[in-house]
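Written out below as structure tokens is the structure these notes cover.
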Amino acid sequence: MADSTKSATLSIDGQTYDLPMFSPTAGPDVIDIRKLYAEAGVFTYDPGFTSTASCDSTITFIDGGKGELLHRGYPIDQLAGKSHYLEVCYLLLYGALPTAAELEEFESTITRHTMIHEQMHNFFRGFRRDAHPMAIMVGAVGAMAAFYHDSTDISDPRQREIASHRLIAKVPTIAAMAYKYSIGQPFVYPRNDLDYAANFLHMCFAVPAEEYVVDPIIARAMDRILTLHADHEQNASTSTVRLASSSGANPFACIAAGIACLWGPAHGGANQACLEMLKEIGSPDRIPEYIARAKDKDDPFRLMGFGHRVYKNFDPRATVMKQSADEVLDLLGVENNPILATAKELEQAALADPYFAEKKLFPNVDFYSGIILEAMGFPTSMFTPIFALSRTVGWVSQWKEMIADPQNKIGRPRQLYLGDTARDYVDIENR
Ligand code: SDX
């Protein structure tokens with residue numbers, strides 16, 4: 001924890017309270033209110049945590065005004081351009097870029113944990129074929145606690161590391177199996193001769209009837225999508241993982257909770273919702289109608305893939321994702337993709353509209369990712385599972401940081417109670 005260098009003075013009913021402040025290495029100062037209730041008998045109130053720091057962390061930093069995203073200090077555009085997903089996983093988990101030997105050992109470890117317990121195959125068969133892959137992932141990842149008992153003791157650093165490796169290695173296998181199950185095709189086992197992204201594509205698209213060769217350019221684009229979604233400070237699903245972990249729950253249960261939270265359309269489900277919105281819009285000439293709906297206070301419709309709690313200038317991930325969208329669609333010969341054309345026109349129309357400028361609404365990471373994933377052949381139902389498999393390393397890294405923090409205690413927010421005060425029970429005959 002940083003040292004307190006200054007304090008804030010709070011005055012309530014003539015009584016003043018000095019609250020220590022801490023200065024970060026980047027970002028706003030924080031006011032430490034941990035003793036506020038004990039000293040002043042009041043709570044703070046911040047639904048949605050728009051101005052509340054839940055923890056201290058050294059993993060990821062976002063400057064929403066500058067559109068900056070750093071992982072352990074390294075800018076996301078440099079990592080997306082020069083690194084690759086498993087190296088970023090190492091960076092997030094251990095805090096430094098690996099040497100060649102460290103990277104080789106880490107990649108070998110992850111590669112050799114990609115198979116899941118054979119008994120889990122039966123677990124999948126309990127689902128309906130039309131189950132949403134996210135429903136299967138929540139169940140299957142949570143069920144990992146029933147198969148990997150030897151890495152659930154969170155007080156043992158070695159078990160925490162094994163659980164971390166198992167989650168990063170096995171969640172792609174589970175995601176691919178959820179996809180195969182939903183289309184009635186046989187599961188494809190992981191292959192140790194393929195890198196992480198290529199292996200995931202192979203598990204999704206290979207069939208026993210013929211050899212499937214992963215296109216290296218598509219694999220590179222998938223690796224970049226995974227890198228861009230890896231971690232993002234204390235977003236809703238990461239905060240869910242931290243809160244679940246604060247009770248001492250096992251890592252598989254906590255990551256399953258994160259997957260459940262990510263599923264929502266306001267969060268990781270936005271990539272699926274965004275592509276479905278673009279398909280509903282259908283063509284650029286219908287864009288004004290949808291822009292008007294997004295601005296209409298009486299219409300709950302929002303432009304999926306636009307806006308962000310933190311980014312109020314641009315989402316640096318969307319910038320990189322847009323470049324990838326152009327490359328992938330050009331490679332696949334679908335550069336005339338009507339959905340991409342609608343997306344680009346919608347982006348330009350929204351950015352030119354005073355409402356979006358005033359509300360500081362810009363395309364976020366989910367705006368272009370769905371277009372790439374659809375061009376690769378994924379159904380929209382697989383977009384959020386791919387976000388989840390990428391974000392698993394972020395959840396695990398934040399979980400590890402929290403568990404190792406001596407300040408770690410169970411999370412238990414308070415409330416502003418507006419309900420009835422105490423009253424006596426009324427027998428039914430007197431109501
Ligand atoms: C992710 O937190 C993270 O880091 C998340 C994430 C990650 O990597 O973990 O970045 C991933 O979740 C990206 C966001 C994906 N979600 C969407 O694309 C769904 C559409 N976006 C909105 O639902 C919304 O922008 C949020 C949820 C993303 C942000 O919500 P906020 O910050 O709470 O914003 P808000 O709801 O308070 O909106 C502020 C104003 C409101 O108008 P007023 O009430 O002030 O008049 O902007 C309007 C909103 O109505 N607004 C939109 C809008 N988003 C906000 N209007 C039209 N379309 C939109 N998309």
Of all residues in the range 372-414 being touching a residue at least 12 places away in the same chain (Cβ under 8 Å) and open to solvent by 100 Å² or more (accessible area, probe 1.4 Å), the one that is farthest from D231 (Cα to Cα): R414
Pairs needed: first member in the range 104-127, closer than 16 Å to L167 by Cα; second member anywhere, among the β-branched types (V, I, T); C-beta distance under 9 Å; at least 6 residues apart or different chains. I110/I168; H113/I162; H113/I168; T114/T173; M115/T173; I116/T173; I116/I174; M120/I174
Taking the range 413-431 as the region of interest, how many residues are outside any loop (DSSP other than H, G, I, E, B) and within 30 Å of S54 (Cβ to Cβ)? 0
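From E276, E233, E210, grab the single residue that is open to solvent by 10 Å² or more (accessible area, probe 1.4 Å), at positive phi and among the charged types (D, E, K, R).
Numbers: E276 fails: at positive phi; E210 fails: at positive phi.
Only one candidate qualifies: E233.
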Of the criteria (1) part of a helix (DSSP H, G or I); (2) among the polar types (S, T, N, Q); (3) at pLDDT 95 or above; (4) more than 10 Å from the chain's Cα centre (by Cα), which one S247 fails: (1)
Taking V310 as the residue in question, decide whether it is assigned to a helix (DSSP H, G or I) and either touching a helix residue (DSSP H, G or I) at 6+ places or on another chain (Cβ under 8 Å) or β-branched (V, I, T) (or both). no
Considering only the range 317-355, state which residues are closer than 20 Å to H267 by Cβ, in contact (Cβ under 8 Å) with a residue 60 or more places away in the chain and within 11 Å of the ligand (Cβ to nearest atom). R317
Within the range 315-358, can you find the residues that are part of a helix (DSSP H, G or I), open to solvent by 20 Å² or more (accessible area, probe 1.4 Å) and of a type in the set (A, V, I, L, M)? L331, I339, A341, A349, L351, A352, A357
With respect to A292, is the statement that it is within 19 Å of the chain's Cα centre (by Cα) and assigned to a helix (DSSP H, G or I) true? no
Cβ-Cβ below 8 Å, separation at least six or inter-chain, first residue in the range 42-64 and over 20 Å from Y417 (Cα atoms), second outside any loop (DSSP other than H, G, I, E, B) and of a type in the set (G, A, S): which pairs? S54/S239; I59/G394; I59/S397; T60/G394
Among the numbered criteria (1) open to solvent by 70 Å² or more (accessible area, probe 1.4 Å); (2) of a type in the set (A, V, I, L, M); (3) more than 25 Å from I403 (Cα to Cα), which one does L79 miss? (1)
What is the number of the single condition among (1) small (G, A, S); (2) assigned to a helix (DSSP H, G or I); (3) modelled with pLDDT of 95 or more; (4) touching a Ser or Thr at 6+ places or on another chain (Cβ under 9 Å) that A230 does not meet? (2)
Please enumerate the residues belonging to the range 236-273 that are closer than 22 Å to C55 by Cα, within 12 Å of the ligand (Cβ to nearest atom) and open to solvent by 10 Å² or more (accessible area, probe 1.4 Å). A236, S239, T240, C261, H267
Matching strands (runs of 3 or more DSSP E) fully within the range 1-67 where at least 3 residues are open to solvent by 50 Å² or more (accessible area, probe 1.4 Å) and either closer than 19 Å to N408 by Cα or not hydrophobic (A, V, I, L, M, F, W, C) (or both): 4-12, 15-22
Can you pull out the residues in the range 283-309 that are in contact (Cβ under 8 Å) with a residue 60 or more places away in the chain and either of a type outside the set (A, V, I, L, M, F, W, C) or open to solvent by 50 Å² or more (accessible area, probe 1.4 Å) (or both)? P284, P288, K295, G305, H308, R309
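Please specify each residue of the range 296-314 satisfying the condition of being more than 7 Å from the ligand (Cβ to nearest atom) and either more than 19 Å from the chain's Cα centre (by Cα) or of a type outside the set (A, V, I, L, M, F, W, C) (or both).
Of everything in the range 296-314, those that are more than 7 Å from the ligand (Cβ to nearest atom) and either more than 19 Å from the chain's Cα centre (by Cα) or of a type outside the set (A, V, I, L, M, F, W, C) (or both) turn out to be D296, D298, D299, P300, F301, Y311, K312, N313.
The values are calculated or read from the model by the stated rules, or taken from the named source; none is laboratory data. Nothing here was measured: the structure is a model prediction, and the numbers come from that model. Neighbour counts are summed over all protein chains in view; Cβ atoms, including those assigned to glycine, are modelled from backbone coordinates with ideal geometry. Accessible surface areas use protein heavy atoms only, side chains included; no ligands, DNA or RNA. Shrake-Rupley method; radii C 1.70, N 1.55, O 1.52, S 1.80 Å.
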